[in-house]
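Step one of this worksheet: look at the structure below.
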Amino acid sequence: MARSDSGDSSESFGELVKTVIYALLIALIFRVFFFQPFSIPSSSMKSTLLIGDYLFVSKYAYGYSRHSMPFSPPLFEGRIWEGQPERGDVIVFKNRRDGNKDYIKRLMGLPGETIQVIEGVVHIDDVPVGLRRIEDFIEPVEGGSYRSQLCSDYTMVGEERMCVKEQYVETLPNGVEHLILNTDRNRTNNDNTRKYVVPEGQYFFMGDNRDNSSDSRKIGPVPFVDLIGRAELIFLSSEGSPLSFWEWRFNRFLNWID
């Protein structure tokens, strides 16, 4: 009986190992070919995306490059089964100037176009995009220090100091509309830039939080091969740890990303 019990235990352990391996392979295939989870680490895409938002990024939207796989192995050059990104897409890409870290920004400029910001307004091929002022975006002062945060103004809500940011609806030439923040109009280099020419095979990206974003105004255009995928859906959002359900922002769950 002892030998039989040992044999059963070995078979059970073997089945468990196979199950784990199959599960890992399925998860890897899902991540490489379909959707990759991504968390928002900074405020550069406010108010569209907030710190603590967890997204699904579609890997198939623009085809596949080596960056579609974990650790970006150099298995092939360029992209396969490629699809073209559209202006206004929110895209995750590799930033070569920052150790190949993943960045997430909005696609503003296509190959061959010129991009320039004049008095806080984006001009594409010398034509300004549409802007419509809407209600202010109001949030608590970060870290308790209002001097280190870009705000259009400050206000008090009860005993808490709040940061007020001007909010606009920006309309791109293809009709895509999205929200942007402009917090420090005409006081930073971001509000008045030189004219950028987008090279062939590359794209120009900007954050929706225009005065608090490290984007193509600083890092330059992004090669097509460095695009990872299109941000599609917020599946979870939390003001703290994703395990702390009392800090979840339920109103942001399952929101499609515009």
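The values are calculated or read from the model by the stated rules, or taken from the named source; none is laboratory data. On a predicted model such as this, the values are computed, not experimentally measured, just so you know. Cβ placement follows ideal geometry from the backbone for every residue including glycine, while neighbour counts extend to all protein chains displayed. Areas reflect the complete protein model, heavy atoms only, side chains present, ligands, DNA and RNA absent. Shrake-Rupley method; radii C 1.70, N 1.55, O 1.52, S 1.80 Å.
Observations on the model:
- Reported label for calculated volume of the Cα convex hull per residue in Å³ given [x] 147; [y] 177; [z] 123: [y]
- Highest mean packing comes first when the peptides 167-176, 105-114, 70-79, 204-213 are listed by Cβ atoms within 10 Å, giving 204-213, 105-114, 167-176, 70-79.
- Cα-projected label distance for residue 82 with residue 164, points at 7 Å along beta-carbon direction, nm: 4.8
- Extension gain for residue 250-residue 192 works out to 17.1 nm (0.36 nm per residue, less the C-alpha to C-alpha distance).
- Net charge of the neighbourhood of residue 250, taken over other residues with C-beta under 14 Å away and scored Lys/Arg +1, Asp/Glu -1, is -1.
- In this structure, the residue pairs whose Cα-Cα separation is over 20 Å, taken from 46/165; 94/195; 46/195; 105/218; 165/218; 94/218, are 94/195; 46/195; 165/218.
- Accessible surface of region 186-258, 1.4 Å probe, proportion on carbon and sulfur as whole %: 53
- Theoretical ellipticity at 222 nm over the chain - DSSP helices of four or more residues, -39500 (n - 2.57) apiece, nearest 500: -4500 deg cm²/dmol
- Derived scalar couplings between HN and Hα for region 48-62 equal 5, 10, 10, 4, x, 7, 10, 10, 9, 10, 6, 7, 8, 4, 10 Hz in order, rounded to whole Hz, by the Karplus curve 6.51 cos²θ - 1.76 cosθ + 1.60 (θ = phi - 60°), x for Gly and Pro.
- Counting 0.36 nm for each residue step from residue 34 to residue 132 and taking away their Cα separation leaves a gain of 31.7 nm.
- At full extension, residue 155 and residue 18 could sit 43.5 nm farther apart than now, given 0.36 nm per residue minus the alpha carbon distance.
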